[in-house]
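Taking it in order: structure first as structure tokens, then the write-up.
The values are calculated or read from the model by the stated rules, or taken from the named source; none is laboratory data. This structure is a prediction, so every number in the text was calculated from the model and none was measured. Glycine also receives a Cβ, built like all others from the backbone with ideal geometry; neighbour counts cover every protein chain displayed. Surface areas here come from the heavy atoms of the whole protein model, side chains and all, with no ligands, DNA or RNA. Shrake-Rupley method; radii C 1.70, N 1.55, O 1.52, S 1.80 Å.
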Amino acid sequence: QVQLVESGGGLVQAGGSLRLSCEASGRTFSTYAIGWFRQAPGKERDFVAGISSSGTYYADSEKGRFTISRDTAKNTVYLQMNSLKPEDTAVYYCAADLSDESLRVGVVSNWGQGTQVTVSS
């Protein structure tokens, strides 16, 4: 098991940027695939981006605007979000799993508590 704590959410104007952080506990952090999901009000939780020893991968709609990265020394994964739009407003969740495939479809064993991102127009 790994525990995940997100931070960095907030209110930003359209066109602005935010960087979300996901700090993980556990000595096996580097063996996990870590990803970001988001859930807007009344909608399902959607995959945004993931990172593992195999590389990085993104939902098609976020390619070019969002960048996921990892600092293994700090046990932290980041999501840099640029050119934010009002439709990016959601609670963003960090997730971890030993399987990239499971992470992509959201069938994961570890979730963070979420951080709210609000983009005003």
ask   = Does the stretch 68-76 include one or more residues that are over 13 Å from the mean Cα position of the chain (by Cα) and assigned to a strand (DSSP E or B)?
value = yes
remark   = When the stretch 80-121 is checked residue by residue, the ones that are open to solvent by less than 50 Å² (accessible area, probe 1.4 Å), more than 17 Å from Phe29 (Cα to Cα) and not hydroxyl-bearing (Ser, Thr, Tyr) are Met81, Leu84, Asp88, Ala90, Val91, Gly106, Gly114, Val117, Val119
task = Select from the stretch 92-113 the residues that are modelled with pLDDT of 90 or more and more than 14 Å from Phe47 (Cβ to Cβ) and write down the one among them that is farthest from the chain's Cα centre (by Cα).
result = Leu98
ask   = Ala14 fails exactly one of the following numbered conditions: (1) touching a residue at least 60 places away in the same chain (Cβ under 8 Å); (2) surrounded by fewer than 12 Cβ atoms within 10 Å (Cβ to Cβ). What is the number of that condition?
value = (2)
message = Is it the case, given these coordinates, that Gln80 is over 21 Å from Val108 (Cβ atoms) and under 12 Å from the mean Cα position of the chain (by Cα)?
response = yes
query = Any chance the stretch 33-48 includes a residue that's assigned to a loop (DSSP other than H, G, I, E, B), open to solvent by less than 50 Å² (accessible area, probe 1.4 Å) and over 12 Å from Val117 (Cβ atoms)?
reply = no
